[in-house]
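One structure is given below, encoded as structure tokens.
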Amino acid sequence: MADDMLDIIKKNIEEEPYARLFGIKVVSLLPGHSVVRMTVKKDYNNIFGITHGGAVFSLLDVAFGSAANSYGTVAVALNVNVNYIKPANAGDMLTAEAKEITRSKKVASFFIMVKNSVDEILATAQSVAYLKSESLPFCK
């Protein structure tokens with residue numbers, strides 16, 4: 001895949017309104033592989049004063065979605081199974097890496113890991129994407 005296509009995909013992912021809410025940036029994007037990052041804000045806290053699991057999920061979901069769609073065709077989530085291992089806190093820089101494990105004509109599976117800036121694993125996930133044949137709307 002041409003680097004310019006990956007740059008177009010990366011730009012559209014970062015400009016997605018939901019990703020912008022969390023300040024998520026794409027650090028690296030290759031076919032079937034994505035690394036994304038965000039800084040945790042106090043606004044993401046839950047009632048216990050730690051980062052809400054939904055904020056961590058949002059980061060890993062953007063990693064998953066960008067890796068799954070990195071081929072330039074539409075891929076949508078069928079399932080995401082998350083294991084929360086350690087909490088995040090305001091000020092933490094979180095990095096999520098999604099790696100494609102298997103890919104067939106219609107389904108791909110991924111492993112995602114979320115780490116903090118001191119390389120501690122905060123969450124892991126396994127996910128499955130349904131692969132459509134149509135091009136991403138901004139890649140036509």
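Which loop chymotrypsin sites (Phe, Trp or Tyr not before Pro) in the range 40-140, with loop taken from DSSP, have no more than 13 other Cβ atoms within 10 angstrom of their Cβ?
Values: sites: TYR44, PHE48, PHE57, PHE64, TYR71, TYR84, PHE110, PHE111, TYR130, PHE138; in loops: PHE48, TYR71.
Within the range 40-140, the qualifying chymotrypsin sites (Phe, Trp or Tyr not before Pro) (loop, at most 13 other Cβ atoms within 10 Å) are PHE48.
If you count only protein heavy atoms with a 1.4 Å probe, what accessible area per residue comes out for the range 64-121, rounded to a whole Å²? Write down the numbers at each step before the final one.
On the way: 3010 Å² over 58 residues.
Per-residue accessible area for the range 64-121 comes out at 52 Å².
DSSP loop (so not H, G, I, E, B), at most 14 other Cβ within 10 Å: list which trypsin sites (Lys or Arg not before Pro) in the range 1-93 pass both filters. Before the final figure, lay out the partial values.
Details: sites: LYS10, LYS11, ARG20, LYS25, ARG37, LYS41, LYS42; in loops: LYS41.
Those satisfying the criteria are LYS41.
How much of ASP3 can a 1.4 Å solvent probe reach, expressed as accessible area in Å² and rounded to 10?
110 Å²
Out of the total accessible area of the chain (probe 1.4 Å, heavy atoms of protein only), what percent is carbon and sulfur?
On the way: 4100 of 7450 Å².
Looking at the chain in its full context, I get 55 percent from C and S.
Divide by every residue of the chain the summed helix terms, -39500 (n - 2.57) for each DSSP H run of at least 4, and state the resulting mean residue ellipticity at 222 nm, rounded to the nearest 500 deg cm²/dmol.
On the way: 3 runs with 34 residues, N = 140.
Theoretical 222 nm ellipticity from helices: -7500 deg cm²/dmol.
Between LYS106 and ALA90, 0.36 nm times their residue separation minus their Cα-Cα distance comes to what?
Values: separation 16, 0.36 × 16 = 5.76 nm, distance 3.88 nm.
Fully extending the segment from LYS106 to ALA90 adds 1.9 nm.
Can you work out the FRET efficiency for the pair ASP119 and LYS11, with r the C-beta to C-beta distance and R0 = 22 Å, to the nearest 0.05? Mind showing how you got there, number by number?
Values: r = 28 Å, r/R0 = 1.29.
Computed FRET efficiency for ASP119 and LYS11: 0.20.
Counting every Cα pair in the chain, what percent are over 24 Å apart?
Numbers: 2545 of 9730 pairs.
That tail contains 26 percent of the Cα-Cα pairs.
Which ³J(HN,Hα) values, rounded to whole Hz and listed in residue order, are derived for the range 55-70 from phi using the Karplus coefficients 6.51, -1.76 and 1.60 in 6.51 cos²θ - 1.76 cosθ + 1.60 with θ = phi - 60°, glycine and proline given as x?
Here the 3J(HN,Hα) series is 5, 5, 4, 4, 5, 5, 5, 5, 4, 4, x, 5, 5, 5, 8, 5 Hz.
Using 7 Å Cα-to-Cβ label points, what is the ASP4/PHE138 separation (nm, one decimal)?
Roughly 1.7 nm, to one decimal.
Using modelled amide H (1.01 Å from N, peptide plane; none on Pro or chain starts), what sits under 5 Å from the amide H of SER70, excluding residues fewer than 5 places away?
GLY32
The values are calculated or read from the model by the stated rules, or taken from the named source; none is laboratory data. Note that the structure is predicted; figures quoted are calculated from it, not measured. A quick note on method: Cβ atoms are made from the backbone with ideal geometry, for glycine too, and the neighbour counts reach across all protein chains shown. Side chains included, ligands, DNA and RNA excluded: accessible areas come from the protein's heavy atoms. Shrake-Rupley method; radii C 1.70, N 1.55, O 1.52, S 1.80 Å.
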